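The next block holds one structure in the form of structure tokens; read it before the comments.
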Amino acid sequence: GVVDRIVVYQQPSGGIERETLLQQPSVQILDDTGLPFLEAKEVQVDAEPSQQMLGNTRLTTAGGTANFTDLVLIDKGWLRLRFSLLDGSSVVATSNYFAVQDGFETLDVACPKAGSASHT
């Protein structure tokens with residue numbers, strides 16, 4: 001068979017800027033019959049809109065699957081991840097949109113401010 005599509009079967013989520021995503025994405029490459037494409041392929045992940053990412057952004061599939069484990073996004077905002085193959089093919093997949101939050105905003109939500117305390 002030939003590579004037909006990439007499926008994001010574990011969506012990324014739980015982003016705090018400069019920390020590893022709480023749920024890392026996993027993708028599977030399927031052939032034109034809908035079965036896993038077993039020949040090893042290199043998968044590249046990028047952020048949309050574009051921003052710097054840390055961690056291993058290129059993986060080689062095993063059994064048709066690539067499990068990312070250490071992706072870190074640098075900037076907060078709403079974004080999605082785009083997965084592509086490094087063999088020049090046009091097969092791509094995108095994740096659902098998710099939020100990457102500012103680390104300080106997350107702390108504010110977890111610790112309600114008392115009275116009229118101000119932050120400097």
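Under the Kirkwood approximation applied to all pairs of distinct alpha-carbon atoms, what is the hydrodynamic radius of the stretch 24-103 in Å? Walk me through the numbers before you get to the answer.
Working: mean 1/r = 0.0754 Å⁻¹.
After inverting the pairwise mean of 1/r, the radius is 13.3 Å.
Distance between the modelled labels on L35 and N96, one decimal in nanometres: 3.1 nm (7 Å Cα→Cβ projection).
Per-residue ellipticity at 222 nm from helix content only, as computed over the chain with -39500 (n - 2.57) for each DSSP H run of at least four residues, stands at -2000 deg cm²/dmol. Surface composition of the chain: carbon and sulfur make up 51 percent of the accessible area, probe 1.4 Å.
At 1.4 Å probe radius, can you tell me the per residue accessible area of the stretch 1-110 in Å²? List each step's numbers first, then the result.
Details: 6000 Å² over 110 residues.
For the stretch 1-110, the solvent-accessible area averages 55 Å² per residue.
The values are calculated or read from the model by the stated rules, or taken from the named source; none is laboratory data. Because the structure is predicted, anything quoted here is derived from the model rather than measured. In this analysis, Cβ positions are derived from the backbone assuming ideal geometry, glycine residues included, and neighbour counts consider all displayed protein chains. Accessible surface areas use protein heavy atoms only, side chains included; no ligands, DNA or RNA. Shrake-Rupley method; radii C 1.70, N 1.55, O 1.52, S 1.80 Å.
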